[in-house]
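See below for the structure under consideration.
Where a number appears in this text, it was derived from the coordinates with a stated rule and is not lab data. Quantities reported herein were computed from a predicted structural model and do not represent experimental measurements. A quick note on method: Cβ atoms are made from the backbone with ideal geometry, for glycine too, and the neighbour counts reach across all protein chains shown.
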Amino acid sequence: QVQLVESGGGLVQPGGSLRLSCAASGRTFSSYAMGWFRQVPGKEREFVAAISWSGSSTYYADSVKGRFTISRDNAKNTVYLQMNSLKPEDTAIYYCAAASGGNYATTHTYDYWGQGTQVTVSS
């Protein structure tokens, strides 16, 4: 079992930055790939970024490529999402998730999910 808790969300102006964190419980964190997804009311949850279990491979949605960076610290059981140059369309609830394998961009791949943290980009 893996429990995930996100933090770091909030209100930020367009062009600003936020760093989300996702703390995981359990000694097997380093064996899971980790992903970030986001969701707005009335829409499906969409892929944002993913990182392999070792951190050697990362994947991004086209909409965030060049602005967001995913990273992980296996010693701290934590995955991060650094978000720069934020836009109003980045407003959503952001979720982290853990996967044992498969297509990192698909929600069905992920075995465990956090409760989410709200990110609002507005002036």
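Note on residue 43: lysines with a C-alpha under 19 Å away, same-chain residues under 8 apart excluded, are 87.
Treating each Cα of the chain as an identical point scatterer and ignoring solvent, apply the Debye formula and state log10 I(q)/I(0) at q = 0.10, 0.17, 0.18, 0.19 Å⁻¹. Normalising to I(0) and taking log10 leaves -0.26, -0.77, -0.86, -0.96. Scalar couplings 3J(HN,Hα) for the stretch 42-52, obtained by applying the Karplus form with A = 6.51, B = -1.76, C = 1.60 to θ = phi - 60°, are x, 10, 6, 5, 10, 5, 10, 7, 8, 9, 5 Hz; x denotes Gly and Pro. Rounded to the nearest 20, the Cβ-based charge dipole of the chain about its Cα centre (Lys and Arg +1, Asp and Glu -1) stands at 200 debye.
Just tell me the longest site-free run in the chain, where the sites are trypsin sites (Lys or Arg not before Pro) in a DSSP loop having at most 14 other beta-carbon atoms within 10 Å. It works out to 77-123.
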